[in-house]
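Engineer: The structure that follows is given in the form of structure tokens.
The values are calculated or read from the model by the stated rules, or taken from the named source; none is laboratory data. As the structure is a prediction and not an experimental result, all values here were calculated from the model. Cβ: placed from backbone, ideal geometry, glycine included. Neighbour counts: every protein chain shown. Heads up: the accessible areas ignore ligands, DNA and RNA and are worked out on the full protein's heavy atoms, side chains in. Shrake-Rupley method; radii C 1.70, N 1.55, O 1.52, S 1.80 Å.
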Amino acid sequence: KTQSKEHPNFATMTEVKQSTYGKLGIFATKAFKTGDEILIESPAVVLASSTAGKQQKPEASIKVVPASIDDDLHGTFRSMIAVGKSWVENSEKRKSEILDLYFPTAESSSKIEDRIRNVAKEALQYLQKSTKSAADWESVEKAMLVWSCNSFQGGRIYLKISRVNHSCDPNSVIQAEGEDQKMLAATDIALGDEITISYLGSMMYTETEVRREKLRKTKFFQCECVRCVGEDIAARIPCPSDHPRQSQQSLNEDAQYDDDQSVQYICASSESSALEKFEKLKKSMAVVTSRVVGFLEEQESAKDKNGEDNDSNDEEILEEHLGLARTVMGDKHWTTNLLLLLLLDRRLSQMSSTMLTTQQIPEMEDVAEAIDSLQRLYRYVESLKLKLHPGHILGDVIIGTARTLVSLGDMKSQKYGAEWLEKITDYVDKFESQGRQKVVSTLSVAWKKHDRDSSDDGKNSKKQKS
């Protein structure tokens, strides 16, 4: 059991009312500036872990899952049973507050929500057969559904933050502080605006259909946010009419890398009509997208299970996927860029580890490749024109690249590192810890040591002449 805590003025800073997304949402009753704290809240209850593969799998002893449940929901079925068993431990007051959160009913549910209602029904039947003690089974079923739609990582449910709706272009972000969650304004929010967050993590930077499918499978709704019904910039590929494909639907090298930024692009999502005349290309794109989504989901699952990226065994696979994505999709497609981000992050970690253990600076070719990758990633993220600052997804690799440049020791490299850090200074000041701010501040001024040394040398030379 936990005791919820929140910003003392939260009740006057926000209100709950009907959202354009069809459910209740949280709205601002005052204006917020970028970086303002909107809310900090402790979980009202911690039920079953909502992340498959965490330290212990809920009800792992359940070997047989009803045939009516889709394969991708087997873990959810087991977790729902754990939710039902833990539900009776909560006070009646807390139960009432939790059941006031959204859950799909027979009257309101869509076909997408019917999947999760079926899982809850099967989990309830399992509990009724295996539990001897009496229980309020209607309440148990509702709790399972509330958990499936509202829980954060670790099965934590919050009375207020769990009400915040999703947007693929959110205006606020969540930061974890132990079990607490802190919500900050990611951009200026006007009085009366709905406050939104993303439920997608890095998958927010993918194309519309991939984002929607992820939300359908994990949160059981069809996203109709402004970004999802607008132009699908993340799905841009080199125009097949202007840049004819070679064998295996591959682009030539100039079109793949677009070094001079002269390639003509079209937005070609899976639902686009732009590829009607290019059936072979459509099939190749579908294969690439499926493979990349599967690979990224495996990485996410491994990180949830082990607490770190699974980077020791699959870098070769990552490079193969990146090569395939770039060959078919080009430089500005989301598949190329998310894989490139993952690879850059790993390469920077390897360079940093090598410097610490051997005291040797990285090879210049490796540094140049890292800078090139970062430039491409920054262009991609900026092109999406999201409310979130690029630092939210690129902060780590920008700091890592700057650290590598500073380690080279010459003033030119260190100044260039400082230029990259300048791009995220505002983000770091508003969203990063004091320790992180200190690191960025130190790296940003490393080049000035050369100016001081030069100045000292000049003074010493004058003294010697005199």
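Engineer: Select from segment 216-253 the residues that are surrounded by fewer than 17 Cβ atoms within 10 Å (Cβ to Cβ) and touching an Asp or Glu at 6+ places or on another chain (Cβ under 8 Å) and list them in ascending order.
Structural biologist: Passing the criteria: K217, V226.
Engineer: Check K217 against each of (1) assigned to a loop (DSSP other than H, G, I, E, B); (2) within 22 Å of the chain's Cα centre (by Cα) and name the one condition it does not meet.
Structural biologist: The one condition K217 does not meet is (1).
Engineer: Now for a different question. Taking the conditions exactly as written (in contact with a strand residue (DSSP E or B) (Cβ under 8 Å, 6 or more places away or on another chain) and modelled with pLDDT of 90 or more), does S139 satisfy them or not? Working first, answer last.
Structural biologist: Numbers: in contact with a strand residue (DSSP E or B) (Cβ under 8 Å, 6 or more places away or on another chain): no; modelled with pLDDT of 90 or more: yes.
It is false that S139 is in contact with a strand residue (DSSP E or B) (Cβ under 8 Å, 6 or more places away or on another chain) and modelled with pLDDT of 90 or more.
Engineer: Can you name the residue in segment 22-43 that is of a type outside the set (D, E, K, R) and touching a Leu at 6+ places or on another chain (Cβ under 7 Å) and is also nearest to E179 (Cα to Cα) among such residues? Break it down into steps so the answer makes sense when it comes.
Structural biologist: Initially, segment 22-43 is screened for residues of a type outside the set (D, E, K, R), giving 22, 24-29, 31-32, 34-35, 38-40, 42-43.
Then drop every residue that is not touching a Leu at 6+ places or on another chain (Cβ under 7 Å), which leaves 28-29, 31, 35, 38.
Values: A28: 24, T29: 27, A31: 27, G35: 21, I38: 17 Å.
For segment 22-43, the residue satisfying everything is I38.
Engineer: Restricting segment 306-343 to residues that are at pLDDT below 95 and of a type in the set (S, T, N, Q), which is least open to solvent (accessible area, probe 1.4 Å)?
Structural biologist: Going through the qualifying residues, I end up with N310.
Engineer: Is it true that I197 is open to solvent by 20 Å² or more (accessible area, probe 1.4 Å) and not basic (K, R)?
Structural biologist: Numbers: open to solvent by 20 Å² or more (accessible area, probe 1.4 Å): no; not basic (K, R): yes.
So I197 fails the test.
Engineer: Determine whether K283 is at pLDDT 90 or above and either within 21 Å of H321 (Cβ to Cβ) or not in a helix (DSSP H, G or I) (or both).
Structural biologist: Numbers: at pLDDT 90 or above: yes; either within 21 Å of H321 (Cβ to Cβ) or not in a helix (DSSP H, G or I) (or both): yes.
Taking the combined requirement at face value, the residue satisfies it.
Engineer: Something else: Taking segment 372-406 as the region of interest, how many residues are more than 20 Å from Y427 (Cα to Cα) and either crowded, with 20+ Cβ neighbours inside 10 Å or aliphatic (A, V, I, L, M) (or both)? Please lay out each step first, then the result.
Structural biologist: To start, the set of residues in segment 372-406 that are more than 20 Å from Y427 (Cα to Cα) comprises 372-373, 404-406.
Narrowing further to those that are either crowded, with 20+ Cβ neighbours inside 10 Å or aliphatic (A, V, I, L, M) (or both): 373, 404-406.
The total comes to 4.
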